[in-house]
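Asks: The structure that follows is given in the form of structure tokens.
Coordinate-derived values only; no laboratory data. Since we're looking at a predicted model, the values are computed, not measured. Ideal geometry is used to build each Cβ from the backbone, glycine not excepted, and the neighbour counts take in all protein chains shown.
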Ligand code: SF4
């Protein structure tokens, strides 16, 4: 499973990085980004939590 952030939709609220810092971080542009590789197994739950709670639906997990 991998996580993706749509930078056109992200508003830079920081919630995903707070909820799941091992998968999401805030970039220099003030918007979130996800790790490139597979989501670590122990971070799948928090990544899905972040996806559900993102206020703009910018996160996808595939
Ligand atoms: S929770 Fe959504 S809107 Fe907020 S920083 Fe993360 S991806 Fe962007």
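Asks: If I ask for residues that are touching a helix residue (DSSP H, G or I) at 6+ places or on another chain (Cβ under 8 Å) and surrounded by fewer than 18 Cβ atoms within 10 Å (Cβ to Cβ), which ones from region 47-62 would you list?
Replies: Within region 47-62, 49, 53, 55, 60, 61 meet the criteria.
Asks: Given the criterion surrounded by 13 or more Cβ atoms within 10 Å (Cβ to Cβ) and either in contact with a helix residue (DSSP H, G or I) (Cβ under 6 Å, 6 or more places away or on another chain) or at positive phi (or both), identify the matching residue among 31, 19.
Replies: Of the residues listed, the single one that is surrounded by 13 or more Cβ atoms within 10 Å (Cβ to Cβ) and either in contact with a helix residue (DSSP H, G or I) (Cβ under 6 Å, 6 or more places away or on another chain) or at positive phi (or both) is 19.
Asks: Hey, does region 1-10 have a residue that's near the ligand (Cβ under 6 Å from one of its atoms) and surrounded by 14 or more Cβ atoms within 10 Å (Cβ to Cβ)?
Replies: yes
Asks: Follow-up. Conditions: (1) assigned to a strand (DSSP E or B); (2) touching a helix residue (DSSP H, G or I) at 6+ places or on another chain (Cβ under 7 Å). Residue 1 meets all but one. Number of the miss?
Replies: Exception for residue 1: condition (1).
Asks: Just to verify a result, which residue in region 37-62, among those that are assigned to a loop (DSSP other than H, G, I, E, B) and over 11 Å from the mean Cα position of the chain (by Cα), is farthest from residue 5 (Cα to Cα)?
Replies: Looking at the filtered set, the residue picked out is 40.
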